[in-house]
1. Quick check on the chain: helices-only [θ] at 222 nm, where DSSP H runs of length 4 and up contribute -39,500 (n - 2.57) each and the sum goes over total residues. Nearest 500, please.
2. What is the Cα coordinate range of the stretch 1-139 on the first, second and third principal axes, sorted by size from largest, in whole angstrom?
3. When Lys and Arg each count +1 and Asp and Glu each count -1, what net charge do the other residues less than 10 Å away from C175, Cβ to Cβ, add up to?
4. I'd like the carbon and sulfur percentage of the solvent accessible area for the chain, probe radius 1.4 Å, heavy atoms only, ligands and nucleic acids excluded.
5. Divide, for the stretch 30-80, the radius of gyration over alpha carbons by 2.2 N^0.38 Å, where N is the residue count.
6. Pairing rule first: another cysteine's C-beta must sit under 4.7 Å. Under that rule, which cysteines of the chain stay single?
7. Where Rh is the Kirkwood radius over the Cα pairs of the stretch 55-105, the temperature 37 °C and the viscosity 0.692 mPa s, what D in µm²/s does Stokes-Einstein return?
8. Looking at the square roots a ≥ b ≥ c of the eigenvalues of the Cα gyration tensor of the chain, which shape do they give, rounded for a/c under 1.5, prolate if a/b is larger than b/c, or oblate?
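The values are calculated or read from the model by the stated rules, or taken from the named source; none is laboratory data. Because the structure is a prediction, the values reported are computed rather than measured. Positions of Cβ are generated from backbone atoms using ideal geometry, with glycine treated the same way; all protein chains shown enter the neighbour counts. For accessibility, only protein heavy atoms count, side chains too; no ligands or nucleic acids. Shrake-Rupley method; radii C 1.70, N 1.55, O 1.52, S 1.80 Å.
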Amino acid sequence: MNLIYSMLVSSHAIVEELVMLGATVHTCCRNELELNKCLQVWKDENYPVTGSVCDVSSRAERVKLMEYVSSIFQGKLNILINNAGTLCLKPAIECTSEDYKLIMSTNFESAFHLSQLAHPLLKASGRGNIVHISSITGHISVPNTSIYGASKGAMNQLTKNLACEWAKDGIRTNCIAPGGIRTPLILPYLTDDVEARASMGIPLQRIGEPNEVASLAAFLCLPAASYITGQVICADGGKTISG
């Protein structure tokens, strides 16, 4: 396959999946120590991955990131994956304005603004792909996730609007809405008891693994998915259809 130039926000599994398919990847992380550790691992594996320190909740840092991406990829980008996210588990009545600002700026505003900034680069490539990573909380009610769910629901709707607006520019936009996935975001909450109780409501009777989202994200960027746009696909073991 042709080399894919891509900017990727977070996720080891998605980075590695795209590299295995021939992509050159630029990723970002707000934690410099964690980023450098990952980059060293990928360097040892001879993976074509570079990275930047960036807090995507900051508008100025998003602009700086995309300026750098444009410079290293000669003004062209084939793939943008928006996978940054933060979680606040609180009853709605206890949520503060600071909680709202942090979750919306990290989860939704970053995806919207990075898509705006990437648009000319994606258009210039002649074959642009955006994949947002939202959540099933944007579809169904999950206890204590009112702001988080709202941010993910907004991503779902953004996917549909951008797919229609930017189709003429050769840009496809899709979204993956995972259920419970074994990632650093939920690991602090994931005891054996919690996982067992969560699995009871999932037809496949388990939570998901990062590679099960990564493979879907990569597929949506391939020519094999060239007629798919504006879709929100749940990767949730059947949770959203189980009633």
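1. -13000 deg cm²/dmol
2. Principal axes ranked by extent give 50, 33, 29 Å for the Cα atoms.
3. Once all neighbours under 10 Å are counted, the net charge is +2.
4. The nonpolar share, carbon plus sulfur, comes to 56 percent.
5. After normalising by residue count via 2.2 N^0.38 Å, the value is 1.24.
6. When partners are defined as cysteine Cβ atoms under 4.7 Å apart, the chain leaves C29, C38, C88, C95, C164, C175, C221, C234 without one.
7. 248 µm²/s
8. rounded
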